[in-house]
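Working notes, structure below.
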Amino acid sequence: MATSSRTSKFRVAICGGGVGGLTLAYALSRSPDIQVDVYEAATKFSEVGAGIGVWRRTWQILKTIGLEHDLLQLLDRRPSDDVVPTLQYRKADQPEGQSFSNLHSRGGLLTFHRAEFHSVLLQRLSSRCKTFNSKRLHHYVQPPHASAPIQLVFQDGSTATCDLVIGADGIKSVVRRTMLNEQAQQLEQRGQLNEAADLRDRVEPRFSGVLVHRTLIPADKLRQIAPQNRALSVPTQFLGRNRHIMAYPISHGRYINFVAFEADYSREGSLYTDPWISTVDSRALSRSFSNWELDVQQIASCLDGLTVNRWAVNVMKPLNTFSHGRVVLLGDAAHAMTPFQGAGAGQAIEDAFILSSLLSHPLTTLRTLPQVLSIYSRVRVPFANKIAERSRRNGLDFALNGYHDTGDGAGLTELGERIRKNFEWAWASDAGVELRQATEMLEREVGGRR
């Protein structure tokens with residue numbers, strides 16, 4: 001298995017080969033003095049879920065790191081900086097639906113098939129990046145000496161060494177569990193028992209109160225019965241009390257990504273003890289929308305004969321840091337959030353962008369790694385946690401929590417404006433600002449520049 005290399009300034013072990021882990025691996029593998037090893041628990045690299053939404057902020061990152069050309073092949077249109085119609089919102093839990101907001105955004109929302117996006121990342125990995133499958137991490141051992149290698153211990157009994165561990169291993173992250181328990185143990189040794197207990201309380205994911213049903217509907221199946229259905233051309237959210245649907249075309253219009261949510265916020269924050277993923281009766285799910293508007297009934301009728309999976313949406317309690325020594329987290333391992341900003345994958349990509357830029361900096365060496373990872377954490381923690389909270393608030397709005405029917409439409413107008421403001425960061429801000437901040441911190445704190 002992989003060991004530290006004398007020809008590289010350090011060796012990076014990325015645990016997890018999802019979107020965040022592979023984006024980081026691709027970006028780092030362009031640096032000739034960094035050895036990258038990717039350890040994936042599954043027998044082959046693949047992605048769960050169907051669709052990925054990419055806002056302008058994330059698209060600018062993908063362009064910067066050189067993925068624009070390949071990803072354009074997966075889109076029907078070339079993205080622009082124009083303000084374009086993006087999402088349509090309808091109150092749909094009634095026979096006559098009501099459109100109340102047409103969200104316009106700069107650059108729009110780019111929609112990808114997750115597996116196709118993932119395949120682009122795999123194809124672009126440098127030959128110097130080594131990948132290993134069927135390597136589920138059991139734990140790591142971080143020595144007290146900063147120059148000594150970190151040992152990775154896998155569930156199959158094999159081991160490997162590295163200089164830096166990156167936990168991109170998802171919401172059930174073993175890296176996060178090991179890191180937080182390591183930090184808690186050190187706090188306990190110093191007598192800080194309350195702080196240690198708080199850290200241990202953040203190890204396990206918590207239920208968001210939301211269940212999500214997912215499948216891909218062949219677009220021709222919907223087109224045959226309803227050629228004018230909104231979901232064939234416009235990403236649309238159909239909202240109802242404690243239930244809502246997101247539907248939009250992907251894969252050059254060959255499929256409709258269908259996502260239906262059920263919310264029970266009285267269970268938010270609890271531990272979800274049932275299986276996180278299960279298969280549901282598609283006919284029963286279809287019948288449950290029989291009182292909704294016609295567009296929804298048409299979409300739901302297409303579920304018959306399809307495999308529909310139900311996922312429990314679990315999230316992380318906010319962390320105060322994403323790093324400890326020479327161990328660092330990104331993506332869902334760091335800040336698993338609800339999907340109501342279309343930003344989970346985007347935030348993982350942003351983590352990878354900032355972290356790869358810092359690790360590739362000439363001032364970053366084996367000796368300075370802990371400082372550099374701390375800088376990454378201080379820049380990313382507040383932003384990622386803020387987006388997670390925005391996503392939570394969107395989920396409440398989509399489930400019509402806090403909405404009151406005023407009879408004159410004012411309640412829906414207010415709801416639409418609240419949703420728009422909550423999304424605005426995704427196209428009106430630039431991750432380059434955070435990168436410049438992180439780079440300035442590195443050059444000041446590590447390089448001694450003022």
- Starting from region 319-333, take each residue that is more than 20 Å from D198 (Cβ to Cβ) and without any contact (Cβ under 8 Å) to a residue 24 or more places away in the chain and list its partners that are among the hydroxyl-bearing types (S, T, Y) and outside any loop (DSSP other than H, G, I, E, B), counting only C-beta distances under 8 angstrom and pairs at least six apart or across chains. none
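Can you name every residue in region 79-101 that is outside any loop (DSSP other than H, G, I, E, B) and closer than 17 Å to N401 by Cβ? Full working, then the answer.
Restricting attention to region 79-101, the residues satisfying the condition of being outside any loop (DSSP other than H, G, I, E, B) are 83-91, 98-101.
The answer is Y89, K91, F100, S101.
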- Please find, within region 150-172, the residue that is nearest to the chain's Cα centre (by Cα) out of those that are part of a loop (DSSP other than H, G, I, E, B) and within 20 Å of S356 (Cα to Cα). G170
- Task: Please list, ordered by first then second residue, the pairs with beta carbon atoms under 8 Å, 6 or more apart or interchain, first in region 163-183 and farther than 16 Å from A348 by Cα, second of a type in the set (S, T, N, Q) and modelled with pLDDT under 95.
- Result: D163/S4
- Query: Has region 21-37 got any residue that is part of a helix (DSSP H, G or I) and at pLDDT below 95?
  - Reply: yes
- Test for A352: is it under 16 Å from T58 (Cβ atoms), modelled with pLDDT of 95 or more and aliphatic (A, V, I, L, M): yes
- Do you know which residues across region 126-155 are crowded, with 20+ Cβ neighbours inside 10 Å and touching a Leu at 6+ places or on another chain (Cβ under 7 Å)? L137, Y140, L152, F154
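Quick grid of which residues meet (1) farther than 23 Å from H335 by Cβ; (2) modelled with pLDDT of 95 or more; (3) in contact with a helix residue (DSSP H, G or I) (Cβ under 7 Å, 6 or more places away or on another chain):
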site	(1), (2), (3)
S126	yes, no, yes
K172	no, yes, no
Q183	no, yes, yes
Q189	yes, yes, no
- Output the residue which, of all residues in region 225-259 that are of a type in the set (D, E, K, R) and in contact with a helix residue (DSSP H, G or I) (Cβ under 7 Å, 6 or more places away or on another chain), is surrounded by the fewest Cβ atoms within 10 Å (Cβ to Cβ). R254
- Inter-residue pairs, beta-carbon under 8 Å, first in contact (Cβ under 8 Å) with a residue 24 or more places away in the chain and in region 120-143, second part of a loop (DSSP other than H, G, I, E, B) and of a type in the set (S, T, Y), 6+ apart: N133/T43; S134/T43; K135/S158
- Among the residues of region 413-445, how many are among the acidic types (D, E), surrounded by fewer than 14 Cβ atoms within 10 Å (Cβ to Cβ) and outside any loop (DSSP other than H, G, I, E, B)? 2
- Message: Given the criteria under 15 Å from Q123 (Cβ atoms), in contact with a Gly (Cβ under 6 Å, 6 or more places away or on another chain) and crowded, with 18+ Cβ neighbours inside 10 Å, does V19 qualify?
- Response: no
- Message: Given the options Q60, Q88, Q94, name the one that is among the polar types (S, T, N, Q), surrounded by 14 or more Cβ atoms within 10 Å (Cβ to Cβ) and outside the structural domain of A384 (by TED's automatic domain parsing).
- Response: Q88
- Task: Answer with yes or no whether S158 is within 30 Å of V327 (Cβ to Cβ), surrounded by fewer than 15 Cβ atoms within 10 Å (Cβ to Cβ) and among the hydroxyl-bearing types (S, T, Y).
- Result: yes
- Query: Looking at region 262-335, what strands (runs of 3 or more DSSP E) fall wholly within it and have at least 2 residues that are exposed (fewer than 14 other Cβ atoms within 10 Å of the Cβ)?
  - Reply: 277-280
- Query: Which residue out of A410, A399 is of a type in the set (G, A, S), outside the structural domain of L239 (by TED's automatic domain parsing) and either closer than 19 Å to R380 by Cα or surrounded by fewer than 17 Cβ atoms within 10 Å (Cβ to Cβ) (or both)?
  - Reply: A410
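The values are calculated or read from the model by the stated rules, or taken from the named source; none is laboratory data. Everything quoted here is computed from the prediction, not taken from an experiment. Here the Cβ is made from the backbone with ideal geometry for all residues, glycine too, and neighbour counts use every protein chain on show.
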